[in-house]
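**Q** One structure is given below, represented as structure tokens, and several questions about it will come after.
The values are calculated or read from the model by the stated rules, or taken from the named source; none is laboratory data. A quick note: this is a predicted structure, and the numbers were derived from the prediction, not measured. Positions of Cβ are backbone-derived with ideal geometry, glycine not excepted, and every protein chain shown enters the neighbour counts. Protein only, heavy atoms only, side chains kept; ligands, DNA and RNA dropped before computing areas. Shrake-Rupley method; radii C 1.70, N 1.55, O 1.52, S 1.80 Å.
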Amino acid sequence: MLEIKNLTKCYGDKKAVDDLSLTINAGEIYGFIGHNGAGKTTTIKACTGLIGFDKGEIRVDGISIVADPIACKQKMAYIPDNPDLYEYMTGNQFLNFVADIFGIDEQTRKEKITKYAKDFELDGALGNIISSYSHGMKQKLAIISAWIHSPKLVIMDEPFVGLDPKASHILKGMMRELCANGGAIFFSTHVLEVAEKLCDKIAIIKGGKLIKSGTTAEVKGDESLESVFLELEDHNA
């Protein structure tokens, strides 16, 4: 579903991402782990077509993000760590705006907006302008907008930041359901306990380089993911 081959992205003389290769298959929840500045967000932005890169190749469902970015974006959804929403709109206007972009019919969008807004306890606030929302409410709105067109691939940067426990639980269920229906999830997180319990596969990155990847069981072995991560960080210092 998402192929990253030999990805390299430089900022001046610094390699933010250094020859990174990963494959996220349909049906997989893939966690992307690393300390601040490791290259996670740069990788994610390259995968979503938000930034260019110096070397390598990125394909979404077999389509090159460079050759046909529109086709790739039609198949995916992206949730950044700090959602940048049109704050002069109401929540309902924003969700319908996103539905318009993806050509979602009236009945389908109504059903999805109603369901997800109720699940996230946001239904009473959809008539309010987004600038009045808390960070957590904006995060919930961004999640609903990402799911509204039934994407095949969802890419998220720290999606659980700002969410209350109930909202986090709902999001995890949505992630599992999407993958059960043949989709794929690629997301970064600092919450290692969540990654350990939720992810099918995990990649650990440091200084732009991949230092370990595989199934969650392969990566952590008999230890906790936190222990393995800290050991790898120290070993590769």
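**Q** Mind listing the phi-derived Karplus ³J(HN,Hα) values for the stretch 17-27, rounded to whole Hz, using 6.51, -1.76 and 1.60 with θ = phi - 60°, and x for any glycine or proline?
**A** Computed from phi, the couplings for the stretch 17-27 are 10, 10, 6, 8, 10, 8, 10, 10, 8, 4, x Hz.
**Q** Using a cut-off of 17 Å between alpha-carbon atoms, which aspartates and glutamates can reach residue 197, once sequence neighbours fewer than 8 places away in the same chain are excluded?
**A** Counting by Cα, and skipping residues close in sequence, residue 197 has these aspartates and glutamates nearby: 28, 158, 177, 218, 222, 223, 226.
**Q** Please label the shape of the stretch 6-73 as rounded, prolate or oblate, based on the square roots a ≥ b ≥ c of the eigenvalues of the alpha-carbon gyration tensor (a/c under 1.5 means rounded; beyond that, a/b larger than b/c means prolate, else oblate).
**A** oblate
**Q** Let me ask something additional. I need to check one value: relative contact order of the chain, counting alpha carbon pairs closer than 8 Å and at least 6 residues apart, in percent.
**A** 29
**Q** Apply the a/c threshold of 1.5 to the C-alpha gyration tensor of the stretch 81-129 and tell me whether it is rounded, prolate or oblate. Present the calculation step by step, with values, prior to reporting the outcome.
**A** On the way: a/c = 1.66, a/b = 1.14, b/c = 1.46.
Oblate, because a/c is 1.5 or more while a/b does not exceed b/c.
**Q** Now a separate question. Hey, of (1) 1, 5, 8, 11, 12, 12, 10, 9, 7, 5, 4, 4, 4, 3, 2, 2, 1, 0, 0; (2) 1, 6, 14, 17, 19, 16, 12, 8, 4, 1, 0; (3) 1, 5, 9, 13, 16, 16, 15, 11, 7, 4, 2, 1, 0, 0, which did the structure itself give for P(r) over Cα pairs in 5 Å bins from 0, in percent when calculated?
**A** Correct label, based on the coordinates given: (2).
**Q** Shape call for the stretch 1-134 from the C-alpha gyration tensor, a ≥ b ≥ c root eigenvalues: rounded (a/c under 1.5), prolate (a/b greater than b/c) or oblate? List each step's numbers first, then the result.
**A** Numbers: a/c = 2.32, a/b = 1.80, b/c = 1.29.
Note, shape of the stretch 1-134 comes out prolate.
**Q** If you fit an axis through the alpha-carbon atoms of helix 165-180 and take the longest principal axis of the Cα set of the chain, what angle between them do you get, 0 to 90°, nearest 10?
**A** That helix lies at roughly 80 degrees to the long axis.
**Q** Would you mind checking 110/140; 45/212; 40/110; 112/220; 40/138; 75/138 for any pair whose Cα atoms are more than 27 angstrom apart? Don't skip to the end; give the middle numbers.
**A** Numbers: 110/140 17 Å; 45/212 21 Å; 40/110 35 Å; 112/220 37 Å; 40/138 22 Å; 75/138 23 Å.
Correct reply: 40/110; 112/220.
**Q** Compute a Gaussian network model of the chain, connecting alpha carbons closer than 10 Å, and tell me which residue from 14, 110, 138 fluctuates the most.
**A** 14
**Q** For the chain, with only Lys/Arg (+1) and Asp/Glu (-1) charged at the beta-carbon, what is the dipole magnitude about the Cα centre, in debye rounded to 20?
**A** So the dipole magnitude of the chain works out to roughly 420 debye.
**Q** If you roll a 1.4 Å probe over the heavy atoms of the protein chains, what accessible area per residue do you get for the chain, in Å²?
**A** 47
**Q** Which of the listed residues, 85, 30, 95, is farthest toward the dipole's positive end in the stretch 1-123, when Lys, Arg count +1 and Asp, Glu count -1 at the beta-carbon?
**A** Farthest along the dipole direction, towards plus: 30.
**Q** Whenever you get a sec, compute what percent of the accessible area on the stretch 123-186 sits on carbon and sulfur atoms (1.4 Å probe). Could you put the intermediate results ahead of the total?
**A** Details: 1250 of 2320 Å².
Reported share for carbon and sulfur atoms: 54 percent.
**Q** Now, a different point. Could you name the aspartates and glutamates whose alpha carbon sits less than 16 Å from that of residue 9, not counting residues in the same chain fewer than 8 places away?
**A** Candidates past the 8-residue exclusion: 18, 19, 54, 57.
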